[in-house]
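Student: Structure provided below as structure tokens; questions to follow.
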Amino acid sequence: MHSIVHGKVHAFAPCVVTALFMIGLYFPSSVSGEQSAGLLVREMVLLFVLFGTLAFSCGIGRFRLQLNGCLILLVIVACTFLSPFGSYAIGAIYIYVLLVFLYNLNLQTIQSTSHMRTAFGAANIINLVLGIGIILQSDAVTNFLQDHYTYFYPELLATMFALRKPVLTFGSHSVAAFYTFLFFWMNLKTFEREKRWVYLFLAVTQTVFSLFLFSFTSFFFFACELVMLISLLLQRGRQSTIRFAFVLVVVVISAVGMLPRMSIYDPEWNYHLVDYATSFLTSTENGPVGRYSSGGDLAADLKYLGENPLRPVGLSKPNSLFFMDSGPVEYLLRGSLPLLLLIYGGLYIFLCDNMTARRDALALFIVIVLFETGFPILLHLRTLYLLPFFVVYMNGLRITPKAESLYASVGRAAIGAS
């Protein structure tokens, strides 16, 4: 009887992972264009409940991850008492608790199902509509996103939309670039597995979105996407490579060629774009230089770390320090080198323990750590929601058709036994 109940609960796990995916993508962050603390609390509580359901269904990670999680929280709390600052943001501990919970999920036994594939397809369609709507300046799309998906401050999304950046539900161009790359990767790997050209089309669409996002991060990922596409096609033969290269050039030229025609809605938009591009690419206030230079956003943080390398601030909240523009800097500020190693060490172990292909785990680890130099994406709620789906989905692409058939037979037997 116990095995039957456990089988039913375990069979429910893919549904929970799918729910995490859809909620993580589309749970609103604002009300009438103002970021909502109430929605944030609801999102965190719901995430905790869904993680708890997965832990009950599939168990938790190995002892080394449990120890890693305990040490993360212990270091942060202990460093709070070492802080020279008297004001505190105790609520910051909750996101670290959720990150520790994620690290301790056991995802390797969860099967990628047809429901997950359907959800992924639906998300691709929704994102395609939203992205095209932003590029074409659809009031219905931009007003909806402005009302329900504003992050940080109201003017941010307005600026993104004015420059036709397909940020979707992610709020800013750099964060959107990260998730756009993940969608590109998933679509490309699905095409490799199923040989269905619609997935290659969707992957190319993500590449176009990366170009339109127009940030240092999106340009980096755009270059990676081109390399991956060319590498894939080289494996398929010279003729396929030539054909795809031609199609890609046509798509990019067509997308760029649309810009003058789109400017009919805003005759000055082309000039705004040129001015923005010139100031953006030559500015010392954007990208890595804007963050890590002596006059950048992280200047005060780096100065504090240089003068107080062994005096982290834990959960204190000094007004002179900034915690948003770099994951490594935030971890060093809150818990010095031990916290930095625990966060990234835990991430690496979590990915290696749960992903079927070690190279997938290593590639995802590198992508996350590189992106973290510009934004603490591991502390972003959408990442905590989406990462389990990404892991399970990618594992499903690595399963051979014979093994997939066996999984399906076992699943049907478990349901029949119930």
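The values are calculated or read from the model by the stated rules, or taken from the named source; none is laboratory data. Predicted, not measured: the structure shown is a model, and the values here were computed from it. Here Cβ is always computed from backbone atoms with ideal geometry, including for glycine, and neighbour counts include all displayed protein chains.
Student: Looking at 333, 347, which is the one that is more than 20 Å from the chain's Cα centre (by Cα) and not polar (S, T, N, Q)?
Tutor: 333
Student: Within the stretch 158-172, can you find the residues that are touching a Phe, Trp or Tyr at 6+ places or on another chain (Cβ under 7 Å) and either closer than 12 Å to residue 35 by Cα or of a type outside the set (A, V, I, L, M) (or both)?
Tutor: Within the stretch 158-172, 164, 165, 166, 169, 170, 171, 172 meet the criteria.
Student: Can you tell me which residue in the stretch 98-129 is nearest to residue 309 (Cα to Cα), limited to those that are assigned to a loop (DSSP other than H, G, I, E, B) and within 21 Å of the chain's Cα centre (by Cα)? Before the answer, list the steps.
Tutor: Initially, the stretch 98-129 is screened for residues assigned to a loop (DSSP other than H, G, I, E, B), giving 104, 106-113.
Going one step further and asking which of them are within 21 Å of the chain's Cα centre (by Cα), we end up with 104, 106-108, 110, 112.
Values: 104: 30, 106: 35, 107: 37, 108: 38, 110: 42, 112: 45 Å.
Checked the stretch 98-129; the qualifying residue nearest to residue 309 (Cα to Cα) is 104.
Student: Right, another one. Applying the selection to the stretch 130-146, what residues are surrounded by 15 or more Cβ atoms within 10 Å (Cβ to Cβ) and outside any helix (DSSP H, G or I)?
Tutor: If the condition is that a residue be surrounded by 15 or more Cβ atoms within 10 Å (Cβ to Cβ) and outside any helix (DSSP H, G or I), then 137, 138 are the ones that fit.
Student: Report every pair of residues separated by at least 6 positions or lying on different chains whose Cβ atoms are under 9 Å apart, first residue within the stretch 54-65 and under 10 Å from residue 104 (Cβ atoms), second acidic (Asp, Glu).
Tutor: Filtered contacts from the stretch 54-65: 61/353; 62/353; 65/353.
Student: Could you tell me how many of the residues in the stretch 147-163 are of a type in the set (Asp, Glu) and surrounded by 14 or more Cβ atoms within 10 Å (Cβ to Cβ)?
Tutor: 1
Student: State yes or no: is residue 385 closer than 30 Å to residue 194 by Cα, at pLDDT 95 or above and buried (at least 19 other Cβ atoms within 10 Å of the Cβ)?
Tutor: So residue 385 passes the test.
Student: Restricting to the stretch 55-97, name every residue that is in a loop (DSSP other than H, G, I, E, B) and either within 24 Å of residue 304 (Cα to Cα) or among the β-branched types (Val, Ile, Thr) (or both).
Tutor: Across the stretch 55-97, the qualifying residues are 81, 82, 83, 84, 85, 86, 87, 89.
Student: Select from the stretch 367-389 the residues that are within 16 Å of residue 176 (Cβ to Cβ) and aromatic (Phe, Trp, Tyr) and list them in ascending order.
Tutor: 371, 375, 385
Student: Continuing with this model, one more query. Among the residues of the stretch 1-30, what is the count of those that are outside any helix (DSSP H, G or I) and either modelled with pLDDT of 90 or more or of a type outside the set (A, V, I, L, M, F, W, C) (or both)?
Tutor: Result for the stretch 1-30: 4.
Student: Give me the pairs, please: first residue somewhere in the stretch 178-205 and touching a residue at least 60 places away in the same chain (Cβ under 8 Å), second residue anywhere and among the charged types (D, E, K, R), beta-carbon distance under 8 Å, and either six or more positions apart or on two chains.
Tutor: Listed pairs, sorted by first residue: 179/382; 181/225; 190/196.
Student: Can you report the number of residues in the stretch 16-41 which are exposed (fewer than 14 other Cβ atoms within 10 Å of the Cβ) and either touching a residue at least 12 places away in the same chain (Cβ under 8 Å) or touching a Pro at 6+ places or on another chain (Cβ under 8 Å) (or both)?
Tutor: 3
Student: Is it fair to say residue 212 is surrounded by fewer than 21 Cβ atoms within 10 Å (Cβ to Cβ) and among the aromatic types (Phe, Trp, Tyr)?
Tutor: So residue 212 fails the test.
Student: Going through 156, 200 one at a time, which residue ends up being over 18 Å from the mean Cα position of the chain (by Cα) and either more than 20 Å from residue 397 (Cβ to Cβ) or outside any helix (DSSP H, G or I) (or both)? Spell out how you get there, then give the answer.
Tutor: Working: 200 fails: either more than 20 Å from residue 397 (Cβ to Cβ) or outside any helix (DSSP H, G or I) (or both).
Criteria check complete, one pass: 156.
Student: Right, next: Tell me, yes or no, whether the stretch 352-360 has at least one residue that is surrounded by fewer than 21 Cβ atoms within 10 Å (Cβ to Cβ), modelled with pLDDT under 90 and closer than 17 Å to residue 99 by Cα.
Tutor: No - not one qualifying residue is present in the stretch 352-360.
Student: Report yes if residue 320 is over 16 Å from the mean Cα position of the chain (by Cα), more than 30 Å from residue 397 (Cα to Cα) and assigned to a helix (DSSP H, G or I), otherwise no. Don't jump to the end; show me each part of the working.
Tutor: Working: over 16 Å from the mean Cα position of the chain (by Cα): yes; more than 30 Å from residue 397 (Cα to Cα): yes; assigned to a helix (DSSP H, G or I): no.
Spelling it out, it is not the case that residue 320 is over 16 Å from the mean Cα position of the chain (by Cα), more than 30 Å from residue 397 (Cα to Cα) and assigned to a helix (DSSP H, G or I).
Student: Out of contact with any strand residue (DSSP E or B) (no Cβ under 7 Å at 6 or more places or on another chain), at positive phi and modelled with pLDDT of 90 or more: is that true of residue 168 in this structure?
Tutor: yes
Student: Let me ask you something else. Anything in the stretch 164-197 that is within 18 Å of the chain's Cα centre (by Cα), assigned to a helix (DSSP H, G or I) and hydrophobic (A, V, I, L, M, F, W, C)? List them, or say none.
Tutor: 175, 176, 177, 178, 181, 182, 183, 184, 185, 186, 188
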